């Protein structure tokens, strides 16, 4: 029997993939922004070459999540779009500017100074968008968005401006930057690798500090969320898994095992997003909307499941091919 | 500005903006793949250069299309949560199919743009055709959603209400208007882009008569226009009949037909005055509308008076947009016929200056027709967002102050639009490779 749980997991999987792929493209923009010194132009070119062929594909995961949400959980989609109109609009503006200006820089045929201006907008948009994205997600966890008879009653500023939400936004940004730095170990020229190892190492420290802060703030600003996190049956295995992954990231960065670092960072990020999902515990907007009361129609679920299965069967080899063409021999290239 | 108007303006602008990039994403990949095929077959370097140059323009257009399309998927909820809450489960499947098609489109475009030296030329060319195929697929499927808004199908309602009881997802996808609308907008995309590209390269030929690069480009673009334009005229006829059958209020507004009548005339031009329920300045061809719609010159056609006043679209804009679309289409058909005749008689692509100038004059009309046609279908459905089911005013978000995002997005899209024009201009005229191509020949 096809049920709403399947789609909860599909959306979760989509989110994990988006964070691991599309997220890293934002992170690339952050490192572009932070590029300093004599080598900054070369550094930016390497980042651009790494992002160029794949960012549009990676970006589609966010559309995938949105479409799944409004098809399967339309009441939650409508409520989120009303209550979080402002931060979502800012995310959208950021996404537009990031993608458009990245392309304008690369394909502009313009003098260096003009291209540089596009690069600045791209980089700043890459920095700001993940923060609003994280704030939006945190707001759904906060418990502050309330509905009565299906109508949002908590206004347009609930949930996304709390310290918990803002810190989650910054955490999102730093996680994206961490994954980008680790992925770039495989993409930049050999003389730059150590620089990115150091950056990843520092980003990882910031991630840990922010995780601790967000965890603490959640108990104050998002109590239901925090309680569900602590009481989840899988919380201890997950904590163990994340600690292991975090340790592996540190160790492999220190000992220059770049392949292991990539695997470990993917595991760590997946673990964190999974933890968020566990704490949401079938809620789409805490405390009024769950996957059971968000307006799913059984007929829709049954029609969409085969579409997703067929789509995935075709998509996986195509994605594999894309990444193989561009990511396999990058060191020799 | 009241909030409903702001929401409609923002959505309309976002769609009007995105549609141009969407159609470019459908038609440009086909042209660059054709150019690459010619290169593979003949070894003529000019066509390789052409494929590369077009692919760079496509990269810009596709990226802006991708981000503006993402914005739309959010705006559906940000501006019309009432609509999405109701319709999401019914139309979600075509949206997710479109999402998958878009995935493949982006994957193969990535391979095409960045894979020149990474895969074999044949595979590379195949990737180009796959981009074109999935571009067409995603464009077609997303039209299914718009067609569903015009002719909602695939669900039953609880007796006496509009509340959805059961859903037949595939019945919703294959709603009555889907085939005609998909055909008309798909062909419209190829026509519009072919003419736009043709005009640009005819301008190039006006400046440099023997530039082999511009000549090759103009030939391919003209070929596409030659195939698509006559088919589009045919599909326009089929579409108008379909609209008459399923959306009679829209047809009445398109024609400015206020009174239900037998042997209805066809109005050419003219300005509808809604308050007085009459047209001024129109040329009426007696019985032509009845004949075109039904094949019977005396058939009865419903006028706007058949619908309660609160259910009528804005005749002024719908009629004007329809006339504009038809006029543009006619001009394009005229140019493509003329060009085909000249080509046939002269045995070579017509490079007479007057013809090139005519092509330059006509070249933006396809894009105008696409926008006008889209206005016809959207404004002609008003006041409904889902025809006869949900009014637009009932779908809008309760969020106040919508003029703020409306103005902001307007400014953003104007800025992006101007930038894209400047960058494309750079690619067409300021690339040094044009000279290199001429020398290499």
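The values are calculated or read from the model by the stated rules, or taken from the named source; none is laboratory data. Since the structure is predicted, the reported quantities are computational estimates derived from the model, not experimental observations. Don't worry about glycine lacking a Cβ; one is built from the backbone with ideal geometry, like all the others, and counts go over all protein chains shown.
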- Those residues that are touching a residue at least 40 places away in the same chain (Cβ under 8 Å), farther than 16 Å from residue B:83 by Cβ, more than 7 Å from every other protein chain (Cβ to nearest Cβ) and part of a helix (DSSP H, G or I), I need them from the range A:73-113; list them, please. A:83, A:86, A:87, A:90, A:91, A:98, A:102, A:105, A:106
- On the given criteria, is residue B:73 surrounded by fewer than 24 Cβ atoms within 10 Å (Cβ to Cβ), at the interface with chain A (Cβ under 7 Å from one of its Cβ atoms) and out of contact with any strand residue (DSSP E or B) (no Cβ under 6 Å at 6 or more places or on another chain)? yes
- Message: Quick check on residue A:150: is it buried (at least 20 other Cβ atoms within 10 Å of the Cβ) and at positive phi?
- Response: no
- Is it the case that the range B:118-137 has a residue that's under 25 Å from residue A:7 (Cα atoms), surrounded by fewer than 24 Cβ atoms within 10 Å (Cβ to Cβ) and away from chain A (no Cβ under 11 Å)? yes
- Note on the structure: Scanning the range B:252-281 residue by residue, the ones that are on the phi < 0 side of the Ramachandran plot and over 27 Å from the mean Cα position of the chain (by Cα) total 14
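Okay, residues lined up against (1) within 14 Å of chain A (Cβ to nearest Cβ); (2) more than 20 Å from the chain's Cα centre (by Cα); (3) modelled with pLDDT of 90 or more; (4) under 16 Å from residue A:109 (Cβ atoms):
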site: B:33; (1), (2), (3), (4): no, yes, yes, no
site: B:37; (1), (2), (3), (4): no, yes, yes, no
site: B:41; (1), (2), (3), (4): no, yes, yes, no
site: B:48; (1), (2), (3), (4): no, yes, yes, no
site: B:55; (1), (2), (3), (4): yes, yes, yes, yes
site: B:63; (1), (2), (3), (4): yes, no, yes, yes
site: B:67; (1), (2), (3), (4): yes, no, yes, no
site: B:77; (1), (2), (3), (4): yes, yes, yes, no
- Residue check for residue B:20: surrounded by fewer than 21 Cβ atoms within 10 Å (Cβ to Cβ), modelled with pLDDT of 90 or more, in a helix (DSSP H, G or I) and touching a helix residue (DSSP H, G or I) at 6+ places or on another chain (Cβ under 7 Å): no
- Hits in the range B:244-268 - residues which are surrounded by 16 or more Cβ atoms within 10 Å (Cβ to Cβ) and within 19 Å of residue B:327 (Cα to Cα): B:250, B:251, B:252, B:253, B:254, B:255, B:256, B:257, B:265, B:266, B:267
- Query: Of the residues A:119, A:28, which single one is within 19 Å of the chain's Cα centre (by Cα) and in contact (Cβ under 8 Å) with a residue 12 or more places away in the chain?
  - Reply: A:28
- Being over 18 Å from residue A:66 (Cα atoms) and in contact with a helix residue (DSSP H, G or I) (Cβ under 9 Å, 6 or more places away or on another chain) narrows B:69, B:92, B:115 down to just B:115
- Selection from the range B:143-153 of residues that are buried (at least 20 other Cβ atoms within 10 Å of the Cβ) and not in a helix (DSSP H, G or I): B:151, B:152
- Would you confirm whether any residue within the range B:89-108 is in contact with a strand residue (DSSP E or B) (Cβ under 7 Å, 6 or more places away or on another chain) and part of a helix (DSSP H, G or I)? yes
- Query: Which members of the range A:278-307 meet the condition of being buried (at least 18 other Cβ atoms within 10 Å of the Cβ), touching a helix residue (DSSP H, G or I) at 6+ places or on another chain (Cβ under 6 Å) and touching a residue at least 60 places away in the same chain (Cβ under 8 Å)?
  - Reply: A:279, A:284, A:285, A:286, A:289, A:291, A:294, A:295, A:296, A:300, A:304
